[in-house]
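Below you'll find the structure, written out as structure tokens, and then a few comments.
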Amino acid sequence: MHKAKVVGAGSYTPETILTNSDLEKVVDTSDAWITRRTGIKERRIATGGMVTSEMAARAARQALEQSDVEAKDLDLVVVGTVTPDRQFPSCACLLQEKIGARKAASMDVSAGCSGFIYALSVANNAIRCGEAEHALVVGAEVLSGVTNWSDRGTCVLLGDGAGAVVLSRTDEDTGIKAVNLRSDGSFGHLLYSVDKLGLQEPAMEIVPGVCEQKPFYLVMDGKPLFKKAVECLEEITRWTLDKAQVKVEELALMVPHQANIRIINALAQRLGLAEDKVYTTIERYGNTSSASIPIALAEAVAGGRLAPRDKLLMVTFGAGLTWGASLVEWSI
Ligand code: ACO
């Protein structure tokens, strides 16, 4: 069996910044409330027709530049997203065309905020079994397009962006040591989309009437989701560390999904992981769903936070519910 290692990482976030103070003018909220309850100070918003596939392409080009892999050599493009430009063609196919990955198979993975780790698993397995030598894994979202801007319980949390990694086959004893995925559809009611496809009526009408004109928006029951998230993150982290035979103390860095600083802190506390080993971007970008881990990872790499042989843990949870984690021995 081959192994896959990360050979490049990149990210893209839109220039437009929406601060907590800006949101005070949109809904009944305050900078103090948002900061204390979530850790978020500002988020990026895609404007001027910027779509998910374009942000994905910008992140992907940066990741490819960092590696020795050219787009034309990619065998597989997998995009984790819940906000593709359209239902079909997939965001991955639009991305493939934009970057010129002409020989790659391309697909989207829909797993809520766990999309990137699910996509990583698909690509890792394709490389392990010999179907692919080089793969591009992306998490990209334009959540501002599916935000209910009259719901203060969700609109303060979300932001837009994209992150990408390039994976290559290796026969060295390094790279991705473990990926674990879980899901439990019985908790689907905690976070879901309401759309005009008529598939589902809202169970929780947050602001009656306001959402009617929106083609698609997000509904969340934050409090129970918070509790479930902490449980799931701890469970999958411990399972993944066990599988990779790595102790918490050996971790050089944890890059968790950026949903709420209190969730991240609760996880670190339960694991006994020091604050300086946890990488966060939530203050600047909010929750960018599938994009949050690869954006944070690319920034951590650019900031020199990872050295060869360092043990990196990425861990996530999201709508589904889905959750997952990966333990990587860093190799660039
Ligand atoms: N500004 C001011 N007040 C607010 C806001 C706001 N933006 N939002 C809620 N409140 C109020 C509530 O109305 C409530 O008021 P009340 O006490 O008078 O009823 C009070 O603040 C407390 O509300 P809670 O919902 O209990 O606040 P909580 O501490 O649980 O924080 C939050 C809410 C931040 C949403 C939290 O529950 C959370 O982070 N949950 C998990 C979210 C998450 O992880 N989502 C993941 C995925 S998102 C995605 O997939 C795209």
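Descending by average beta-carbon neighbour count within 10 Å, the peptides 182-192, 284-294, 86-96 line up as 284-294, 86-96, 182-192, the highest first. Label-to-label distance, ASP276 versus GLU70, with points set 7 angstrom from Cα along the beta-carbon direction: 4.3 nm.
Length gained on full extension, PHE216 to ARG61, computed as 0.36 nm times the residue gap minus the Cα-Cα distance: 52.8 nm. Highest average first, the peptides 4-14, 146-156 ordered by how many other beta carbon atoms sit within 10 Å of their residues are 4-14, 146-156.
Here r is the Cβ-Cβ distance between TRP149 and MET107 and R0 is 35 Å; the resulting FRET efficiency, rounded to 0.05, is 0.65. Estimated at 0.36 nm per residue, the fully extended path between ASP195 and GLU15 surpasses their Cα-Cα distance by 62.0 nm. Put simply, the Cα atoms of the chain extend 57, 45, 36 Å along their principal axes, the longest span coming first. Per residue, the chain reaches -9500 deg cm²/dmol at 222 nm when only DSSP H runs of four or more residues are counted, each adding -39500 (n - 2.57). Placing dummy labels 7 Å off each Cα toward the beta-carbon, the span from LYS227 to SER186 is 1.5 nm. Compared with the alpha-carbon gap, the fully stretched path from ASP22 to GLN87 is longer by 20.2 nm at 0.36 nm per residue.
Could you pull out the pairs from LYS3/LYS98; LYS25/LYS227; LYS72/LYS277; LYS41/LYS227; LYS98/LYS223 whose alpha carbons sit more than 32 Å apart here? Table pairs above 32 Å Cα-Cα are LYS72/LYS277; LYS98/LYS223.
With both labels modelled 7 Å from their Cα along Cα-to-Cβ, the ASN125 to MET1 distance reads 1.2 nm. Protection proxy ranking, highest mean first, for peptides 219-230, 107-118, 161-172: 107-118, 161-172, 219-230, where packing is the per-residue count of other beta-carbon atoms within 10 Å, averaged.
No value in this document is a laboratory result; all are computed from the given coordinates. Keep in mind it's a predicted model, so treat the numbers as computed, not measured. Cβ sites come from the backbone with ideal geometry, for glycine too, and all protein chains shown count toward neighbours.
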